[in-house]
Amino acid sequence: MSSPKMIQRHTRAGIFIHWFNAACWFFLLFTGLALIQNPELNPLGAWYPKAVRAVFGGGANLLVAHWLVALIWLAVWVVYLFWGMSRFVAPFLNSTFSLEPNRDIQWMIKKNLQMTLGYKMMAKLVKPLGYDGHLPPQEYYNAGQKLAAQGIIMGALVLIGTGFIMLFSKYFFSAADTWLVQWSMTVHFIAAGVTTALLMVHIYMAAISKEERPAFISMFTGTVPAEYAKHHHQLWYEELEEK
Amino acid sequence: MAKQLGMVVDAGLCIDCKGCMAACKVANEVPGDNWRNWIKSGDMDWQAKKRGRMVFQPGNCMQCDKPTCVSACPTGATYKSKADGVVVIDRGLCIGCGQCIKACPYGARFRNEKLKVADKCDFCSSRRAVGLEPACVSTCPTKARAFGDLNDPASPAGKLMAQSKDKATQVVNAQSNTDPNIYYLGDAGLKSWPVKAQMPGAFEFWKNLADPAVKVVVGLTGLGVLAMLGKQLMLKNDAPPPEEHGEEGGHE
Ligand code: HEM
Ligand code: SF4
Ligand code: SF4
C-alpha cells in the first residue's frame, strides 16, 4: 500500500470552523460550569467553581469571560453562515438532517454492539434477528454523526436563546419578566448537559476509536484514503465515483 | 466568636418618622419605588375600650445566619461575608435572575429599578468603609436602632445584647426560620408578617430534576465510552466479517 489514493473530505474553512468551534465550546463548558456556585445546583459541588474563580480573579470576571467568548463564537459563526451558506452550510445541513430510518436504525444498533462487543460477538447476537454481521452502507456522514450533529445544532440554538435572555436580564428586563430568566438558567444547564454527553461520544469516536482514525486526521489535512471512504461511507464513495 | 454585625432595635422608641427610610434612600442611591428599609405597624383597634399603644417596628435585611436568599442564588453573587456576617451582593456577578428576591421571608430584597440587579440593605457598606454608622442608625432621632458586632460587648448593639440576652426577640416565620440578626427589645409589635421562604419553580426543577438527570445522562454516557474503550483495548484485531467485506469492493 504505497501512497494510497486520497480524496477530499473537508474544506479549509470547514476545518477552521470546526476547531474554532471546539475551542470555544470547551472554554464555554468549563467556564459555564464554574458560574454555578450553588452546591445544590452544580453537579460537581462547590469546589469546582471556587477553583476556576481563583484563576479568573473572581466570579464577576468569569461571567464576563463566559459571555464575551460566547459572543465572539456567535459572531464568527454568523459570518461563516452568511459567507458559506450555499457552499458549505446548506450541503452540511442537507446531509446531516437526512436520515433513512430503516437503514440508519439498523446501523445505530449494530454500530453500538460492534463498538462495545466487537464484530464477532455482534454477529452472534444479531443473527437470530435475521441480520448479518454487517453494517448498512452509509453516506457522507454515518447515522451516528448525523444524530450527533443534529443534537449539537439544536443544543446550540437552545444555548444561544437562553444565553441571550440571561445576558439581557440586567439591561432590558423588568422585575415581572425574571421568571423567564430563571427558566432560561435551568434550560441552559440542561442543554449544556445533553450536548456534553453527545460530545463525549463524538470525541471518543473521532479522536480515540481506531476505526475513525483516518477521519480524525482528515480534520487536519482535509483528505481521507479512498479505502476508508469506501468502507465507512460507501454511498458517498459511490457518488464520487459516478461523477 | 466570629464577628456578626447586627442591630438591636427598641421598637418602643420608634415614632414612625421614617427618617431612616429617607436617609437610607439618599445614602445608597436607592431609585424610584425601591426601599431598603421599612417601618411595620399593625392596625390600631379604634373600637377597643382600652386602646393599646401603637408599636412601630423598624427593619431591613436581617443579615440572617441561615439566609434563604443565599440558598436560592445560583451564581454565588449573594453570599454571607465571613469577615463581618453581612449578606452582600456582588453586582458584577449578579445576573438579575431574581431568585433570591422570592426566597427572602422578609421581602428585604428588590430588583433595583435602575441597575436591574438584586439589591437590599448591606448595613451601608460604603459608609462603614469610611468609619460611619449606617445612615438609618445615625439619623434616628430617638436612637431606636443600635448597631454593631452582636458578639462584641463593646459595640452599641453588642452591649444591649449582653445586657438583655433573654429579652431580645427575633421576628421570624416559624416555617422558615432564617435566624435573623436584628433583635428587638421589649414589644416588637407586629410579628406575623414574614412569609414562608419560597424557592422559584425553575430552581426546584433544576435542583430536583435537571441536576440529577444531567448527572445520570453524562455519567452513563461516560460509562458507555469507557466500555467502548475497554473493548478497543481488549479486542485488538476486531475486523468485520471477511467474506462480505471482500464483496464490498465489487460495487465499483
Ligand atoms: C477534542 C475534541 C474534538 C475532536 C477530536 C473532534 C473531531 C472531529 C472530527 C474528526 C470530525 C470529522 C468527522 C468526519 O470527517 O467524518 C468532526 C466533525 C464534527 N464535529 Fe468535532 N471534534 C471535537 C470537538 C467538537 C466539539 C466541541 C463540537 C461541537 C460543539 C464538535 C462538533 C462537530 C460536528 C457538528 C461535526 C460534523 C458532524 C459529525 O461528525 O458529527 N466537535 N469532529
Ligand atoms: S433578610 Fe432576607 S435578604 Fe436579608 S439575609 Fe435574611 S433572607 Fe437574605
Ligand atoms: S438576582 Fe439574586 S439570585 Fe439571581 S444572581 Fe443576583 S443575587 Fe443571585
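The values are calculated or read from the model by the stated rules, or taken from the named source; none is laboratory data. Note that the structure is predicted; figures quoted are calculated from it, not measured. In this analysis, Cβ positions are derived from the backbone assuming ideal geometry, glycine residues included, and neighbour counts consider all displayed protein chains.
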Answer from B:LYS231, B:LYS196 - the residue that is in a loop (DSSP other than H, G, I, E, B) and among the basic types (Lys, Arg): B:LYS196
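Listed here are the residues, each with its yes/no results for (1) in contact (Cβ under 8 Å) with a residue 12 or more places away in the chain; (2) touching a Leu at 6+ places or on another chain (Cβ under 8 Å); (3) of a type in the set (Asp, Glu); (4) over 16 Å from B:ALA27 (Cβ atoms).
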{"site": "B:CYS100", "(1), (2), (3), (4)": "yes, no, no, yes"}
{"site": "B:TYR106", "(1), (2), (3), (4)": "yes, no, no, yes"}
{"site": "B:ARG109", "(1), (2), (3), (4)": "yes, no, no, yes"}
{"site": "B:ASN112", "(1), (2), (3), (4)": "yes, no, no, no"}
{"site": "B:LYS116", "(1), (2), (3), (4)": "yes, no, no, yes"}
{"site": "B:ASP119", "(1), (2), (3), (4)": "yes, no, yes, no"}
{"site": "B:ASP122", "(1), (2), (3), (4)": "yes, no, yes, no"}
{"site": "B:ARG128", "(1), (2), (3), (4)": "no, no, no, no"}
Any hit, segment A:219-232, residues being under 20 Å from B:LYS215 (Cβ atoms) and more than 8 Å from every other protein chain (Cβ to nearest Cβ): no
Hits in segment A:1-40 (condition: surrounded by fewer than 19 Cβ atoms within 10 Å (Cβ to Cβ) and more than 16 Å from ligand 1 (Cβ to nearest atom)): A:MET1, A:SER2, A:SER3, A:PRO4, A:LYS5, A:PRO39, A:GLU40
Among (1) exposed (fewer than 14 other Cβ atoms within 10 Å of the Cβ); (2) within 13 Å of chain B (Cβ to nearest Cβ); (3) among the charged types (D, E, K, R), the one test that A:ARG53 misses: (1)
Verdict on B:CYS73 being touching a residue at least 60 places away in the same chain (Cβ under 8 Å), hydrophobic (A, V, I, L, M, F, W, C) and within 15 Å of ligand 2 (Cβ to nearest atom): no
Those residues of segment B:180-208 which are of a type outside the set (Gly, Ala, Ser) and over 18 Å from B:ARG109 (Cα atoms), in sequence order: B:TYR183, B:TYR184, B:LEU185, B:ASP187, B:LEU190, B:LYS191, B:GLU204, B:PHE205, B:TRP206, B:LYS207, B:ASN208
Residue count, segment B:94-112 (criterion: more than 8 Å from ligand 2 (Cβ to nearest atom) and either modelled with pLDDT under 95 or within 22 Å of A:HIS188 (Cα to Cα) (or both)): 8
Qualifying residues in segment B:177-197 (those that are touching a residue at least 24 places away in the same chain (Cβ under 8 Å) and surrounded by fewer than 17 Cβ atoms within 10 Å (Cβ to Cβ)) - the one nearest to ligand 2 (Cβ to nearest atom): B:ASP179
Answer from A:VAL181, A:VAL194 - the residue that is at pLDDT 95 or above, within 16 Å of ligand 3 (Cβ to nearest atom) and in a helix (DSSP H, G or I): A:VAL181
Scope segment A:85-122; condition within 21 Å of the chain's Cα centre (by Cα) and of a type in the set (Lys, Arg); matching residues: A:ARG87, A:LYS111
Any hit, segment A:200-215, residues being within 16 Å of ligand 3 (Cβ to nearest atom) and small (Gly, Ala, Ser): no
Qualifying positions in segment A:187-217 - within 11 Å of ligand 1 (Cβ to nearest atom), buried (at least 20 other Cβ atoms within 10 Å of the Cβ) and without any contact (Cβ under 8 Å) to a residue 12 or more places away in the chain: A:TYR204
Complete set of residues in segment B:4-36 that are closer than 23 Å to B:LYS167 by Cβ and under 22 Å from the mean Cα position of the chain (by Cα): B:GLN4, B:LEU5, B:GLY6, B:MET7, B:VAL8, B:VAL9, B:CYS20
Test: residue in segment A:14-26 that is within 27 Å of A:ALA207 (Cα to Cα) and modelled with pLDDT under 95: yes
Enumerated helices (runs of 4 or more DSSP H) restricted to segment B:1-112, each holding at least 3 residues that are crowded, with 23+ Cβ neighbours inside 10 Å: B:99-103
Meets criteria (surrounded by fewer than 21 Cβ atoms within 10 Å (Cβ to Cβ) and under 17 Å from B:TRP35 (Cβ atoms)) for B:PHE123: no
